[in-house]
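Have a look at the structure below before the remarks.
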Amino acid sequence: MNYVYILRCADGSLYTGYTNDLKKRLKTHNSGKGAKYTRCRLPLELAYYETYETKNEAMKREYSIKQLSRPNKLRLISTNPLIPLDD
């Protein structure tokens with residue numbers, strides 16, 4: 001499974017990324033070893049995610065989300081409730 005996700009940073013900014021292991025990626029981000037953008041904006045909170053069968057689909061969706069304005073990203077987050085990750 002591949003994921004596209006949006007994180008809410010401590011400074012209120014949003015970060016969008018993709019991964020094939022969402023739990024591991026969240027831990028990496030919150031340990032300060034994730035993307036350069038998020039390292040100085042800890043702690044991070046998962047605000048939104050979508051699942052895709054292929055990496056290519058996830059990467060295309062990540063790009064399309066990154067093209068959205070901040071208000072549209074916030075609308076996407078608010079209109080789609082976060083489903084808890086399986087343990």
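A few points about this structure:
- Selected residue [of a type in the set (F, W, Y), without any contact (Cβ under 8 Å) to a residue 12 or more places away in the chain and assigned to a helix (DSSP H, G or I)] from Y63, Y37: Y63
- Residues located in the range 1-44, provided they are among the charged types (D, E, K, R), closer than 18 Å to I83 by Cα and surrounded by 14 or more Cβ atoms within 10 Å (Cβ to Cβ): R8, R25
Every read-out reported here was derived from the displayed coordinates using simple, explicitly stated rules and does not represent laboratory data. If you're wondering where the values come from, they're calculated on a predicted model, not measured in any experiment. Reconstructed Cβ throughout: ideal geometry from the backbone, glycine too, with neighbour counts over all protein chains shown.
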